[in-house]
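Trainee: Before we start, here is the structure in question, set down as structure tokens.
Rule-based calculations on the coordinates, nothing more; no lab input. Treat the numbers as computed from the prediction; the structure is a model and nothing was measured. Here the Cβ positions follow ideal geometry from the backbone for every residue, glycine too, while neighbour counts run over all protein chains shown.
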């Protein structure tokens, strides 16, 4: 039985330039950081801040995002593995059962959020010379836009998928269901790329395609919702006086973004972590609750600075 939209997701790895493949996931990160720099440039110009300080902000934010997201995955979701493979936390290699280049598999947005907040403390104190909440109220705008592209990158990678569904929005993620080796063995086609294409399009392998469950495209759900989060924050800063209420926009960011995350987690496949010991909610939901509460605190305590 086919589902309503009959979408079979089997994307290529990226844009093949002949000598190099620009992977879509990496491209989404480049777009996210590039757009973030552009947005902050206009904010700094409006606030009369030096563009030289923006260059430092870009470096601090990139490093904080990548390091925090990596450590967040390690400690929140997969510590049982990494506690016995400490070198793999910082190296893109696996040493057992055999040496293998893996890249950095696993990034957690909650870890990135914590790391960015910490980085903004040191950036505001040592470089910007303004209160930490001043930069947090502004940097969350490009962060929200970046979250859109990160989730699109997850979609291209067929990762962070949802539960099985009969919804019209459901998608068959072939690369999640079949590993490259599974695809090769099932089709007897030596090249994994060709094997995946055969499963997706060749009627001869229709029985294999039927094995692929229809799942919620939770990456797209989040990306779609994050568009509205970005628009709301952008509007607040450029069109209202809320930018003058210290901590308000930062608080709205935490409440809106992590509320979206909390809701979408309800239809998302488990990512592991400590949810089995706590129960009731997923790891992502448990991690989102403190951010939402902190955001509410900043919203209700935000005050407009008194001009002397």
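Trainee: For the residues 243, 46, what sequence is obtained by ranking on other C-beta atoms within 10 Å, fewest first?
Mentor: Values: 243 20, 46 12.
Ordered by Cβ neighbours within 10 Å, fewest first: 46, 243.
Trainee: Using only Cα atoms, find the angle between the long axis of helix 283-301 and the longest principal axis of the chain, and express it within 0 to 90 degrees, rounded to the nearest 10.
Mentor: Roughly 20 degrees, rounded to the nearest 10.
Trainee: To continue, here is another question. Ranking 21, 89, 148, 135 by Cβ neighbours within 10 Å, fewest first, what do you get? Working shown, then result.
Mentor: Values: 21 13, 89 16, 148 21, 135 24.
With the fewest neighbours first, 21, 89, 148, 135 line up as 21, 89, 148, 135.
Trainee: Ranking 110, 73, 85, 177 by Cβ neighbours within 10 Å, fewest first, what do you get? Intermediate values should be presented prior to the final figure.
Mentor: Working: 110 22, 73 25, 85 14, 177 18.
In increasing order of surrounding Cβ atoms, one gets 85, 177, 110, 73.
Trainee: Rounded to two decimal places and with Rh computed the Kirkwood way over Cα pairs, what is Rg over Rh for the chain? Please list the in-between numbers first.
Mentor: Details: Rg = 21.4 Å, Rh = 21.3 Å.
We get a ratio of 1.01 for the chain.
Trainee: Would you compute, from DSSP H runs of 4+ residues alone, the mean residue ellipticity of the chain at 222 nm, taking -39500 (n - 2.57) per run and dividing by the full residue count, rounded to the nearest 500? Intermediate values should be presented prior to the final figure.
Mentor: Numbers: 14 runs with 184 residues, N = 308.
It comes out at -19000 deg cm²/dmol, rounded to the nearest 500.
Trainee: How much of the DSSP bridge set in the chain is antiparallel, in percent, rounded to the nearest 5?
Mentor: Working: 10 of 13 bridges.
About 75 percent, rounded to the nearest 5.
Trainee: With a cut-off of 8 Å between alpha carbons and a minimum separation of six or more residues, what is the relative contact order of the chain in percent? It would help to have the intermediate numbers written out before the result.
Mentor: Details: 434 pairs, mean separation 64.5, N = 308.
Over the chain, the number comes to 21 percent.
Trainee: Mean separation of Cα pairs under 8 Å and 6+ residues apart, divided by the residue count of region 179-250: what relative contact order is that in percent?
Mentor: On the way: 34 pairs, mean separation 9.9, N = 72.
In percent, rounded to a whole number, it is 14.
Trainee: Quick check: the angle from helix 248-264's long axis to the longest principal axis of the chain, C-alpha only, nearest 10 degrees?
Mentor: With rounding to tens, the tilt is 20 degrees.
Trainee: While we're here: P(r) for region 237-302, please, calculated from all Cα pair distances in 5 Å bins and given in %.
Mentor: 4, 19, 22, 18, 14, 10, 7, 5, 2, 0
Trainee: Can you give me the angle between helix 24-47 and the longest principal axis of the chain, using Cα atoms only, in degrees from 0 to 90, rounded to the nearest 10?
Mentor: With rounding to tens, the tilt is 10 degrees.
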